[in-house]
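Here's the structure, in structure tokens; my notes come after.
Bear in mind that the values in this text are calculations on the coordinates, not laboratory data. All figures in this text were calculated on a predicted structure; none of them were measured in a lab. All Cβ positions, glycine included, derive from the backbone under ideal geometry; neighbour counts span all protein chains shown.
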Amino acid sequence: MNYYIGLDIGGTKIAGALVSASGKILSRTKTATPKRVKPRDIYASVTDAIDELVQVGDVRLSSIKGIGVGVPGIVDTRNHHILAAPNIALTGFPLSASLKRKFHKRVVMANDVNAGLLGEAWLGAAKGMSHVVGIFPGTGVGGAVISEGRLLLGAQGAATELGHVIINMDGPLCHCGNRGCLEALTSRWAIERDIRAAVKSGRKSIVTKLNDGRLDMIKSRILKEALSENDAVVKSVLAKAARVLGKTAVSLNHTFNPQAIIFGGGVIKACGDFILPIVAKELNADPFFRKFNTCKILPSKLGDDAVLLGAARLVQQP
């Protein structure tokens, strides 16, 4: 029997799964990502995770047909090189080549959001679909596109950074250096910023109580709880973000004509029941595609397993 290893290397954790050819997860591993270390230390944690998966899964290394890796950065798919990884010490490190030398297996590496959307298209919300767009609002906003069943990667592997599509050229400054990016309008940090501004202007919000008086970091679960309490500030800020996501969905539908736009990430997981109907309403009101639009707005299904399964799927594709 053939097996595959899927890895999700993040800024806080390194997760791995031993996956069957049909997508069944047979064993798992998860460890904290080493902090303030050299790339070689992260590489050592990754190899330890692979060894553990093989051992716990009780399979021979010879039956592993490949290793797929999702990383939080821009991957040069031509040279299997990490061009940029802002939140983890892997920029410039030849991770793919190093794993290939050690394990003598095919290694395929991709941006973690790309891997996550591929997982959703394989076994999740977009199962069976060949044309899919993914938007994942969390701390930032990730994006990915599948066309004709394959990830759209661009000349260097840096395509589909949808979080940095400029929506309003006079909008707020984004962490990337541009103004008015989707991330600067709909990410959790953007939502936090707008809630702080509303409270500073004199509006009352239960978030202050729920978050022990702090407004510098407002986790998605706090937003969810505030929604359940019918908090006017949170509803207003999230509704505005949802409308931006909806208008973005219209533009993405015009650009890619997908069967579905999959929404995931921490903000959607917590507040998707409020946000996604607004997104769908904006999309369905589009006068240009209204008569023939078939694009669906769908929440992701696989959660944290999406990247693991998508990474494994990467290796299966020629």
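Remarks
- Cα-based equivalent ellipsoid, the chain: semi-axes from gyration tensor eigenvalues, Å: 34, 23, 18
- Difference of contour (0.36 nm per residue) and Cα-Cα distance, residue 44 to residue 204: 52.7 nm
- Exposed-site-free run, longest, the chain (rule: chymotrypsin sites (Phe, Trp or Tyr not before Pro); DSSP loop; at most 15 other C-beta within 10 Å): 1-287
- Projected label distance in nm at residue 98 and residue 51, using a 7 Å step from Cα toward the beta-carbon: 1.5
- Ordered by the count of other Cβ atoms within 10 Å of each Cβ, fewest first, 83, 153, 238 give 83, 153, 238.
- DSSP beta bridges in the chain [antiparallel fraction, %, rounded to 5]: 55
- Label point distance in nm, residue 221-residue 292, each placed 7 Å from Cα along Cα→Cβ: 4.7
- Share antiparallel - DSSP beta bridges, region 128-299, percent rounded to 5: 55
- Helix 266-284 axis, angle to the chain major axis (alpha carbon atoms, nearest 10°): 60
- Taken about its Cα centre, the chain carries a charge dipole of about 60 debye when Lys and Arg each add +1 at the Cβ and Asp and Glu each add -1 at the Cβ.
- Rounded to 10°, Cα long-axis angle of helix 188-200 versus longest principal axis of the chain: 30
- Computed [θ] at 222 nm, deg cm²/dmol, the chain (DSSP H ≥ 4; -39,500 (n - 2.57); rounded to nearest 500): -12500 deg cm²/dmol
- Out-of-range pairs (alpha-carbon distance over 32 Å; input 102/127; 35/269; 30/65): 102/127
- The long axis of helix 39-57 is offset from the longest Cα principal axis of the chain by roughly 70 degrees.
- Dividing the convex hull volume of the alpha carbon atoms of region 128-299 by its residue count gives 121 Å³ per residue.
- Listed values for region 153-170 are Karplus-derived 3J(HN,Hα) couplings in whole Hz (6.51 cos²θ - 1.76 cosθ + 1.60, θ = phi - 60°), namely 10, x, 5, 10, x, 9, 5, 6, 6, 5, x, 10, 5, 7, 9, 9, 5, 9, and x replaces Gly and Pro.
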